[in-house]
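Data block below; observations after.
The values are calculated or read from the model by the stated rules, or taken from the named source; none is laboratory data. Because the structure is predicted, anything quoted here is derived from the model rather than measured. No Cβ is skipped: glycine too gets one built from the backbone with ideal geometry, and neighbour counts run over all protein chains shown. Side chains are part of the model used for accessible areas, which takes the heavy atoms of the whole protein and leaves out ligands, DNA and RNA. Shrake-Rupley method; radii C 1.70, N 1.55, O 1.52, S 1.80 Å.
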Amino acid sequence: MNADTTGPHAGPHAVVVGGGITGLAAAHRLLAAGARVTLLEAGGRLGGKLLAGEIAGAPVDLGAESLLARRPEAVALAEAVGLGDRLQAPGTTTASVWSRGRLVPMPKGHVMGVPGDPGAVAGLLSEEGLRRIGRDAELPPTEVGDDTAIGAYVAERMGHEVVDRLVEPLLGGVYAGDAYRISMKAAVPALFEAARRHPTLTAAVRAVQAAAAVPDDVAGAATGLGGAAFAGLSGGIGTLPGAVADAVRAAGGTILTGAPATALLRDGTGWRVVTPERTLDADAVVLAAPAPVAARLLGGPAPEAAALLGEIAYASMALVTLAFRRADLSELPGSGFLVPPVDGHTIKASTFSSQKWRWVGEAAPELFVLRTSVGRHGEDTWLHRDDEDLVAASLKDLGAAAGLAARPVATTVTRWTDGLPQYPVGHLDRVARARAALAALPGLRLAGAAYDGVGIPACVASAHRAADAVADEIIATPETGHPGAGHSS
């Protein structure tokens, strides 16, 4: 094959492998720094787990539906690519927990389900469960060490009921994982650090709550969303990748879909990225593909890093989106509900999209759109069932939880196979060791949900760090004419 070094501009060439939001954000950042950029996406579309779609003519998100607005990175990216006026706070954030056969309003006053006061969860836990929380103050301090599983730690301090009824469903919505295996250091770092400083978990939770207390007017000024913790986009979060891709192309970047990277080779001081159709010479490479893809590509140049990345596990899940005639439904409460896995139901959560997002209701006022999620790490039996079975199971659980008896006018099932990386105890150490193993290879960085957090802002931040690092190495500065001096992030 011939090396392909074409591009709209002269200058250092960076190749980004992966066309999800991480890769797109990295490409956008590299172009702004002055690099010539080629982005390779193995599949036929961009966006990764962000996917806009429609059901019965109504626009919907068929993947991630919101972003954490109190982190600035994703909001700033949306604004930078012209979507600032489409950012929208949820129409309601009043959620419930379907626990022991009834919908209970989601308690307030907790950190990822861990309460700072037993009274905060009085409507959800049993009297024995509430008394067990109170014992936290009587227990000697628990050593958290370098890392610990959040479920195991909370159960030891406050009892299993807190974990099973609150921590599990909340973390499950983020990681589709098992709270008794998920790293507290990785998943809830503020609580982990507080637990190292305070003698009780209750005191640690209160310290985190105090540190996070931001007046609504300050938070609103920072995000433009009135202090909302989360935000969506009118038309769907799934429209963000397309807008970033348009900005990348407008800035001179090249985006190739259906172009899997099949090999990564060190070539003198640079790199060669091989695809079935071409070979790209690159001064730098950002690997923004899932960890198994990165591991395969690093097998030659960085076998130690490849082995470490190959250990990262992924969970699969499915989203079942349902559209009903609004006239057929009785009122449903709030924005939806979470489901504790301990109760043995099929669905893990349901979002009432038409109530949570104003843009859904405004686009299809005669319809009511909701969705359910099915599956988590180690529990993928249901994902091998037919779409009709997933729809039927969702309707059964919706009927039991919320009294929904209507039949949908349209349904769609979206399967995210190996879509969510898992963060077990030791995950951050594994990632750090993988990155250390790459340190001797200039112009090569990892970025994405497998490493620095699974949320959209975390992915964007990971992309920016990787892009800034390689830009420092390959882009000459006006002050010195040499790479690496004075580049700012």
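Leu103 meets all of the listed conditions (1) open to solvent by 30 Å² or more (accessible area, probe 1.4 Å); (2) touching a residue at least 40 places away in the same chain (Cβ under 8 Å); (3) in contact with a helix residue (DSSP H, G or I) (Cβ under 7 Å, 6 or more places away or on another chain); (4) part of a loop (DSSP other than H, G, I, E, B) but one, namely (4).
Residues in the stretch 376-416 that are outside any helix (DSSP H, G or I) and modelled with pLDDT under 95 were compared, and the one that is most open to solvent (accessible area, probe 1.4 Å) is Arg385. Remark: pairs (first residue in the stretch 316-333, more than 30 Å from Gly48 (Cβ to Cβ); second residue among the aromatic types (Phe, Trp, Tyr) and in a strand (DSSP E or B); Cβ separation under 6 Å; 6+ apart in sequence or on different chains) = Arg326/Phe368; Leu329/Phe368. What are the residues in the stretch 123-141 that are surrounded by 14 or more Cβ atoms within 10 Å (Cβ to Cβ), more than 12 Å from Met158 (Cα to Cα) and more than 30 Å from the chain's Cα centre (by Cα), if any? Of everything in the stretch 123-141, nothing turns out to be surrounded by 14 or more Cβ atoms within 10 Å (Cβ to Cβ), more than 12 Å from Met158 (Cα to Cα) and more than 30 Å from the chain's Cα centre (by Cα).
Scanning the stretch 122-161 for residues that are small (Gly, Ala, Ser) and either in a loop (DSSP other than H, G, I, E, B) or in contact with a strand residue (DSSP E or B) (Cβ under 8 Å, 6 or more places away or on another chain) (or both) turns up Ala122, Gly123, Ser126, Gly145, Ala149, Gly151, Gly159. Which one is nearest to Ser99 (Cα to Cα), of the residues in the stretch 363-375 that are open to solvent by less than 50 Å² (accessible area, probe 1.4 Å) and of a type in the set (Gly, Ala, Ser)? Filtering the stretch 363-375 for residues that are open to solvent by less than 50 Å² (accessible area, probe 1.4 Å) and of a type in the set (Gly, Ala, Ser), the one nearest to Ser99 (Cα to Cα) comes out as Ser373. The condition of being under 24 Å from the mean Cα position of the chain (by Cα) and part of a strand (DSSP E or B) holds for only one of Gly82, Gly53, Gly44, that being Gly53.
A Cβ distance below 6 Å, combined with a sequence gap of six or more or placement on separate chains, defines the contacts here; from the stretch 382-399, residues that are farther than 9 Å from Thr372 by Cβ and of a type in the set (Asp, Glu) reach residues that are surrounded by 15 or more Cβ atoms within 10 Å (Cβ to Cβ) and modelled with pLDDT of 95 or more in the pairs Asp387/Val413. Screening the stretch 239-309 for strands (runs of 3 or more DSSP E) wholly inside it with 1 or more residues that are touching a His at 6+ places or on another chain (Cβ under 9 Å) and touching a residue at least 40 places away in the same chain (Cβ under 8 Å) returns the ranges 270-274, 279-282, 284-287. Can you pull out the residues in the stretch 322-343 that are of a type in the set (Val, Ile, Thr) and open to solvent by less than 10 Å² (accessible area, probe 1.4 Å)? Val339 - this is the single residue of the stretch 322-343 that is of a type in the set (Val, Ile, Thr) and open to solvent by less than 10 Å² (accessible area, probe 1.4 Å). Residue pairs whose Cβ atoms lie under 6 Å apart, sitting 6 or more positions apart in sequence or on different chains, and linking a residue in the stretch 19-45 that is farther than 9 Å from Val248 by Cβ to a partner that is surrounded by fewer than 24 Cβ atoms within 10 Å (Cβ to Cβ) and at pLDDT below 95, are Ala33/Ile475; Gly34/Ile475; Arg36/Gly7; Arg36/His9; Arg36/Gly11. It is to be established whether one or more residues within the stretch 68-86 are within 18 Å of Gly238 (Cα to Cα), basic (Lys, Arg) and open to solvent by 30 Å² or more (accessible area, probe 1.4 Å). Within the stretch 68-86, one or more residues are within 18 Å of Gly238 (Cα to Cα), basic (Lys, Arg) and open to solvent by 30 Å² or more (accessible area, probe 1.4 Å).
Report yes if Ala434 is surrounded by 15 or more Cβ atoms within 10 Å (Cβ to Cβ) and in contact with a Phe, Trp or Tyr (Cβ under 6 Å, 6 or more places away or on another chain), otherwise no. Answer is no for this residue. On the stretch given as the stretch 198-208, residues that are open to solvent by 60 Å² or more (accessible area, probe 1.4 Å) and either in contact with a Lys or Arg (Cβ under 8 Å, 6 or more places away or on another chain) or part of a helix (DSSP H, G or I) (or both) total 1.
Taking (1) closer than 20 Å to Gly101 by Cα; (2) over 22 Å from the mean Cα position of the chain (by Cα) in turn, Thr381 satisfies each apart from (1).
Is it the case that some residue within the stretch 441-461 is among the charged types (D, E, K, R), in contact with an Asp or Glu (Cβ under 7 Å, 6 or more places away or on another chain) and assigned to a helix (DSSP H, G or I)?
Within the stretch 441-461, the subset among the charged types (D, E, K, R) is 445, 452.
From what's left, in contact with an Asp or Glu (Cβ under 7 Å, 6 or more places away or on another chain): none.
No, the conditions are met nowhere in the stretch 441-461.
For the stretch 172-197, filtering for residues that are surrounded by fewer than 18 Cβ atoms within 10 Å (Cβ to Cβ), within 24 Å of Glu138 (Cβ to Cβ) and touching a residue at least 40 places away in the same chain (Cβ under 8 Å) leaves 1.
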